[in-house]
Amino acid sequence: MTGRFGFLGRRLLQLIPVVIGITILVFFLLHLVPGDPARQILGQHYTPKAAAEIHHKLGLDQPLWTQYKLFMERLVHGNLGDSVYYNQSARSLIAERLPATIFLIAYAGALAALISIPIGIITALRKGGIFDQVTRVGTLITFAMPPFWFGIILILFFALKLQLFPVSGYGQGFTDHLWHLFLPALTIALAFATILTRTLRTSMLSTLRMDFVDTARIKGVSRSTVLMRHVVRNAIVSIVVVFGVNLAFLIGGTVIVENVFSIPGLGQLLVDSVSSRDYPVVQGTTLVLAFLVVFVNLITDVVHVALDPRVTYE
Amino acid sequence: MADLADMPTTSPDRSRRARRGALLAAFVTVALAAGCGSGGGSTGAAGGGAKSDTLVLANAVNVDTLDPAANSVNESIWMTQNIYQRLLQPNANGTDVIPQLAASWDISADGMTYTFHLGDHQFSDGSPVTAEDVRYSIERSIHYDGGWGFLLEAVKSVEAPDPKTVVVTLSRPHAPLLADLAMYAYAVIPEKLVKAQGAKTFFQHPIGSGEWMLTQWNKGSDLTFKVNPHWAGPKPNFTTLKIMIVPNDNSRVLLLKNKNADIIENPPGNLINELSADPDLQTYLFPSTRVDFIQLDQHFAPFKDPKVREALNYAIDRNAIVKLAYSGHATQGSSYMPYKMQYWNSSLKPYPYDPAKAKEILSQSGYPNGFKTYLIEVANDVAGNATAVVIKSDLAKIGIDVDIKTYELLTAYAKEDGGNSQMGQRYWTNDIIDPDEVTTFGVDPNGGANSFSSYWGDPTATKLVHQARGELDPDKRRQMYEQIQQIVYDQTPYLILDYSPYRYAAGNWVHGFHATPLGNYNLSLETLTVDQH
């Protein structure tokens with residue numbers, strides 16, 4: 001298969017072994033961890049008899065390979081099984097939580113781009129200046145700060161002291177989501193922006209040194225046109241790949257931020273379901289997150305090819 | 001090489017830069033304006049204050065199910081108690097039962113037949129609550145796998161001879177019956193609707209006859225309730241109840257300080273004094289049925305020795321645990337039964353802290369030079385972690401070397417169960433006001449929980465457990481339970497540490513909030529008021 005459709009087709013086919021590998025890894029690893037979901041359901045009123053009833057009801061008294069086989073048979077039909085904790089299908093549970101995580105990631109990515117692109121450009125153009133120096137120190141600090149601590153600091157200052165944003169939650173409606181998720185998205189974006197800023201700065205400095213930049217100026221092309229159409233246009237290709245790879249990491253990293261800000265997303269669902277040994281939900285959530293990572297990588301590759309004609313689909 | 005930064009700018013470049021800067025500023029302004037304009041469900045933030053007809057309560061734990069037969073998580077139980085009603089309910093101080101769906105009841109002379117006469121109640125969709133609904137709900141709960149049916153093993157049949165009468169017939173006298181039927185698991189649901197929709201669908205949008213009607217449930221985020229239009233009782237002083245799910249302790253406290261919540265559940269114990277000192281806030285320490293104790297698995301040989309167990313009791317400084325783990329906001333433990341519950345033996349006093357006496361008793365045991373053991377604790381349980389440190393330090397003084405092992409919650413439970421453990425941190429809370437439940441779990445080795453996983457048993461105590469369950473004379477029951485408590489106190493199969501309260505914090509604009517010792521607060525919502533703030 002050749003061309004973009006061939007490329008897409010190959011990448012989608014690659015998903016199959018990835019999915020199978022993830023399901024095996026997650027399923028068996030989770031069952032190796034001590035802890036009984038019946039314990040979570042029964043709490044302190046756990047008795048072996050009640051636990052046995054629950055195990056039988058949930059099929060947990062079957063051999064592991066049988067349970068895995070049943071899970072894969074259901075998966076082929078799009079059925080992720082039922083949550084042992086919430087008494088509803090894992091698929092509907094994940095569908096309820098997915099929008100919040102996607103919104104958060106997209107918002108964080110947009111904020112990170114908005115912060116990093118102008119700063120990356122300016123620090124490259126004003127290399128060695130005060131702004132550049134301050135930015136380099138600032139990005140080190142934001143990168144080193146743990147998200148759970150930084151998130152609390154943002155809440156203390158912007159939510160509690162200045163009363164500009166809510167302390168937690170997701171809100172209802174698009175603008176309400178924008179308002180509620182600004183601080184959590186900023187928490188993620190600032191660490192993310194550090195990587196993008198420094199990558200763009202380096203890439204800009206490298207591009208500025210190229211001969212075609214001098215040639216363009218000598219030929220009378222305006223400064224701004226040279227900057228935006230030639231320098232930035234070339235430099236930005238490098239951060240597209242960095243953006244895509246780190247965005248994929250962010251998908252897994254929403255766990256902490258969702259917990260601090262009480263956002264009902266996939267990250268929080270994953271933590272809750274691992275804690276309660278809600279096997280179907282853990283498996284389903286991990287699969288969906290894996291799909292998201294693969295999807296983001298795929299989009300990154302497509303955008304990369306679109307921006308850089310030297311890169312092909314082969 | 002010319003540096004682009006050094007090259008002269010032209011007028012078109014400057015104006016383009018100005019436009020770009022304005023666009024960026026505009027975006028930020030729009031984002032902030034959107035926030036200021038949309039108050040959403042939040043209160044007290046920029047642009048709006050709390051409405052007096054809304055109460056916002058932040059829970060620490062997610063709501064897992066609204067199926068009363070499947071309930072076991074406290075935060076879910078408190079939700080179902082807002083939505084549904086039972087035949088009876090515990091009173092405000094958890095010492096007796098009062099009518100709910102049943103306006104009155106008769107008990108036959110032999111105590112084997114209970115006849116309940118229903119009042120006029122409707123579900124929130126306007127349909128009447130009938131005796132058939134009651135019969136269906138109780139039987140469904142009894143037969144629910146892994147549910148609470150074990151409490152009603154003495155029930156032979158539940159019948160509905162007419163729409164207003166429910167008759168419960170027993171196979172043997174069962175003194176806790178009324179307390180059992182007042183339990184959340186026996187909440188009444190509309191039979192026809194549940195069967196028509198299927199339980200899975202019904203419990204996503206349940207209907208009950210309780211004061212509150214669920215109108216929205218954003219899983220993992222919040223639940224919104226409105227007053228049930230067909231509620232038979234007095235109308236509450238506010239119309240909307242919003243429950244937010246905020247697992248992070250710091251976030252919950254900040255929510256309250258920011259006036260985005262009116263009441264928060266379980267603020268950290270070490271912040272109670274700080275919150276109490278805040279002029280805008282108030283804290284509550286409601287008496288609870290929580291008993292914190294240390295499990296001693298008697299499969300570990302030293303703990304089979306009664307002298308060792310007695311020595312442990314004198315060696316532990318319970319006062320230090322109360323101070324360190326709860327900032328002084330707890331009571332030292334004595335009986336295995338929750339503090340001041342029905343038939344609680346007030347003559348039992350906490351073991352005094354006396355390391356010299358502990359050492360002397362240990363010298364008379366089979367382990368005069370001490371031994372090595374471990375104590376399982378749960379990670380991120382601040383009070384539990386502090387307690388473990390005190391125990392380790394205290395027992396070291398009498399020659400017992402305790403290794404603290406920290407595990408995540410379910411792993412800790414897995415390590416504590418199964419008869420392969422040593423010491424483990426545990427706790428108990430009542431689901432009913434009657435002592436039968438806690439006594440069955442804690443004293444009867446065949447009661448299902450192996451005497452709180454100690455695998456201890458005393459023939460006299462076990463016999464009394466069964467006798468007390470069937471004894472209908474309250475005075476005789478009291479004597480039996482006092483005797484059981486004395487036996488447990490003397491033989492100390494586990495170490496009772498303290499009774500800790502339910503902690504809540506609220507704005508001082510909230511009046512009349514109260515949680516019963518069983519933890520539910522639905523009764524107080526009938527009269528609670530929320531000032532504008």
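The values are calculated or read from the model by the stated rules, or taken from the named source; none is laboratory data. Computed from a predicted structure; not experimentally measured. Because the Cβ atoms are built from the backbone with ideal geometry, glycine has one as well, and the counts that use them run over all protein chains shown. To get the accessible areas, we keep the full protein, side chains included, count just its heavy atoms, and leave off ligands, DNA and RNA. Shrake-Rupley method; radii C 1.70, N 1.55, O 1.52, S 1.80 Å.
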Within the range A:169-179, work out how many residues are in a helix (DSSP H, G or I), facing chain B (nearest Cβ under 7 Å) and under 17 Å from B:M244 (Cα atoms). 1
Let me confirm something: among A:R97, A:R74, which residue is in a helix (DSSP H, G or I), of a type in the set (K, R) and more than 10 Å from every other protein chain (Cβ to nearest Cβ)? A:R74
Among residues of the range B:397-425 being modelled with pLDDT under 95 and among the charged types (D, E, K, R), the residue farthest from B:K304 (Cα to Cα) is B:E408
Taking only the range A:147-168 into account, find how many residues are within 16 Å of B:V253 (Cβ to Cβ), buried (at least 17 other Cβ atoms within 10 Å of the Cβ) and either charged (D, E, K, R) or more than 10 Å from chain B (Cβ to nearest Cβ) (or both). 1
Check the range A:256-272 and report whether any residue there is more than 19 Å from the chain's Cα centre (by Cα), of a type in the set (S, T, Y) and open to solvent by less than 10 Å² (accessible area, probe 1.4 Å). no
Residue check, B:D67 open to solvent by 10 Å² or more (accessible area, probe 1.4 Å) and either under 23 Å from B:Y521 (Cβ atoms) or among the acidic types (D, E) (or both): no
Entirely in the range B:157-219, the helices (runs of 4 or more DSSP H) that have 1 or more residues that are free of Cβ contacts under 8 Å to residues at least 60 places away in the same chain, β-branched (V, I, T) and within 30 Å of A:S89 (Cβ to Cβ): B:191-197, B:199-202
Just the residues that are open to solvent by 40 Å² or more (accessible area, probe 1.4 Å), under 20 Å from B:Q204 (Cβ atoms) and part of a loop (DSSP other than H, G, I, E, B), please, taken from the range A:77-94. A:N79, A:N87
By residue number, the members of the range B:356-376 that are open to solvent by 10 Å² or more (accessible area, probe 1.4 Å) and out of contact with any Lys or Arg (no Cβ under 6 Å at 6 or more places or on another chain) are B:A356, B:K357, B:K359, B:E360, B:S363, B:G366, B:Y367, B:P368, B:N369, B:G370, B:F371, B:K372
Report yes if B:N420 is within 14 Å of another protein chain (Cβ to nearest Cβ), open to solvent by 70 Å² or more (accessible area, probe 1.4 Å) and on the phi > 0 side of the Ramachandran plot, otherwise no. no
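With the condition being free of Cβ contacts under 8 Å to residues at least 40 places away in the same chain and open to solvent by less than 20 Å² (accessible area, probe 1.4 Å), I'd like the helices (runs of 4 or more DSSP H) fully within the range B:233-351 carrying at least 2 qualifying residues.
Because the criterion is at least 2 residues that are free of Cβ contacts under 8 Å to residues at least 40 places away in the same chain and open to solvent by less than 20 Å² (accessible area, probe 1.4 Å), the helices (runs of 4 or more DSSP H) in the range B:233-351 that meet it are B:249-257.
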Looking only at the range A:275-297, count how many residues are more than 9 Å from chain B (Cβ to nearest Cβ), over 24 Å from A:V241 (Cα atoms) and part of a helix (DSSP H, G or I). 7
Mind checking which residues of the range B:71-111 are farther than 19 Å from B:W212 by Cβ, part of a loop (DSSP other than H, G, I, E, B) and either free of Cβ contacts under 8 Å to residues at least 60 places away in the same chain or open to solvent by 40 Å² or more (accessible area, probe 1.4 Å) (or both)? B:S72, B:N93, B:T95, B:D96, B:S108, B:A109, B:D110
Selection status of B:Y413, away from every other protein chain (no Cβ under 14 Å) and of a type outside the set (S, T, N, Q): no
Could you list, in sequence order, the residues of the range A:115-135 that are open to solvent by 40 Å² or more (accessible area, probe 1.4 Å) and in contact (Cβ under 8 Å) with a residue 60 or more places away in the chain? A:I115, A:I117, A:I119, A:K127
